[in-house]
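The values are calculated or read from the model by the stated rules, or taken from the named source; none is laboratory data. Computed from a predicted model, the values in this text were never measured in an experiment. So basically every Cβ, Gly included, is an ideal-geometry build from the backbone, and we count neighbours across all protein chains shown. To get the accessible areas, we keep the full protein, side chains included, count just its heavy atoms, and leave off ligands, DNA and RNA. Shrake-Rupley method; radii C 1.70, N 1.55, O 1.52, S 1.80 Å.
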Amino acid sequence: MSSLAPLPQIIMEPIVRGALLEDLGRAGDITSDAIIPADCKATLALNARQAGVVAGLDLVMFAFLLVDPGISMQLRCPEGGKVSAGETIAIVNGPARSLLTAERTALNFLCKLSGIATATASLVNAVRGYNAKIVSTRKTTPGLRVLEKYAVRAGGGANHRFALDDAVLIKDNHIAIAGDIRTAIERARSAIGHLVKIEVEVDTLDQLGMALQASVDAVLLDNMSVEDLTQAVAMVGGRAITEASGRVTPKTAPAIAATGVDLISVGWLTHSAPILDIGLDMPADRNCRRHLN
């Protein structure tokens, strides 16, 4: 997607470097080093084995370059672009040992992020024609949140808060410990800066009424029926942002969006979306090309 801002290198580098170190262990790629001549060159293709949305190509290139700056990659599909089963996403060229050393790390990033982008796109398509946006949550893989939320954007979705310090989200346990919704909101408002928004999670219309009396910025309508969501949107009447969550699938999303909610948050996009099957394949001619000194 042309409007998709790339991840800065300063964010990608420690994550990719850590993944490579994890895979290289203490002695490097002993299999490739033993089998493949040092001067062997190869051209490999990143091929989609399923249709989907591609995300993570910068991470792929970075993984290859960290292993060997002599590797090059030519894109056939743009970041955030749709790909068909059997379609070539990119061609990579360079020392064969290095290509195989970086292969699994590169594919792990590409398959995972493309899977998230593909799942997000399915929900975005399901609510097309409505005003609701599909947003991610903090239910992410530890250490990979910035990548997984990026993949949601690549699929056409948007991001909820990134961390606990982005915004106030008062949930059921906060309310239970504080004693009631109003007390929780008042304590939060007295402690935060003037630019920080407050959202309250509610699961009944009565709780929603209490939250609205306290003039919150957003309400998270958790696991409500379509009928209750419709009433909730009417109760809010534009005074706060409305966010629905719970049991969201491509089949249920249109009915949820039709209630008029502003956002639909979906945790499984980042914690349970299946990968997109992508492989790094040799062409028909499998012979190495060697430098002639």
Would you be able to say whether some residue in segment 25-42 is of a type outside the set (Ser, Thr, Tyr), buried (at least 17 other Cβ atoms within 10 Å of the Cβ), within 18 Å of Ile91 (Cβ to Cβ) and out of contact with any His (no Cβ under 9 Å at 6 or more places or on another chain)? yes
State all residues of segment 137-154 that are open to solvent by 30 Å² or more (accessible area, probe 1.4 Å), assigned to a helix (DSSP H, G or I) and small (Gly, Ala, Ser); if no residue qualifies, say none. none
Could you pull out the residue among Asp206, Asp166 that is free of Cβ contacts under 8 Å to residues at least 12 places away in the same chain, assigned to a loop (DSSP other than H, G, I, E, B) and either open to solvent by 20 Å² or more (accessible area, probe 1.4 Å) or not aromatic (Phe, Trp, Tyr) (or both)? Asp166
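Each row is one residue, and each column tells you yes or no for (1) modelled with pLDDT of 95 or more; (2) more than 19 Å from Leu20 (Cα to Cα); (3) polar (S, T, N, Q).
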site: Pro78; (1), (2), (3): yes, yes, no
site: Gly86; (1), (2), (3): yes, yes, no
site: Leu99; (1), (2), (3): yes, no, no
site: Leu110; (1), (2), (3): yes, no, no
site: Ser122; (1), (2), (3): yes, yes, yes
site: Ala132; (1), (2), (3): yes, yes, no
site: Leu144; (1), (2), (3): yes, no, no
site: Glu148; (1), (2), (3): yes, no, no
site: Gly157; (1), (2), (3): yes, yes, no
Which of the residues spanning segment 209-251 are among the β-branched types (Val, Ile, Thr), farther than 21 Å from Ala188 by Cβ and part of a loop (DSSP other than H, G, I, E, B)? Val248, Thr249
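Yes/no per residue for (1) at positive phi; (2) surrounded by 14 or more Cβ atoms within 10 Å (Cβ to Cβ); (3) free of Cβ contacts under 8 Å to residues at least 60 places away in the same chain; (4) not in a loop (DSSP other than H, G, I, E, B):
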| position | (1), (2), (3), (4) |
| --- | --- |
| Gly156 | yes, yes, no, no |
| Ile185 | no, yes, yes, yes |
| Ser190 | no, no, yes, yes |
| Val196 | no, yes, yes, no |
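For every residue, the table says whether it meets (1) polar (S, T, N, Q); (2) within 30 Å of Val54 (Cβ to Cβ); (3) within 29 Å of the chain's Cα centre (by Cα).
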site: His160; (1), (2), (3): no, yes, yes
site: His194; (1), (2), (3): no, no, no
site: Met210; (1), (2), (3): no, no, no
site: Ser225; (1), (2), (3): yes, no, yes
site: Ile241; (1), (2), (3): no, no, yes
site: Thr259; (1), (2), (3): yes, no, yes
Filter result (buried (at least 24 other Cβ atoms within 10 Å of the Cβ) and part of a helix (DSSP H, G or I)) within segment 124-136: none
Test each condition in (1) in contact (Cβ under 8 Å) with a residue 40 or more places away in the chain; (2) among the aliphatic types (A, V, I, L, M); (3) closer than 21 Å to Asp281 by Cα; (4) assigned to a helix (DSSP H, G or I) for Val92 and report the one that comes out false. (4)
Taking segment 17-42 on its own, how many of its residues are among the basic types (Lys, Arg) and either more than 21 Å from Ser72 (Cβ to Cβ) or outside any helix (DSSP H, G or I) (or both)? 2
Here are some conditions: (1) surrounded by fewer than 15 Cβ atoms within 10 Å (Cβ to Cβ); (2) in a helix (DSSP H, G or I). Pro254 meets all but one. Which one does it not meet? (1)
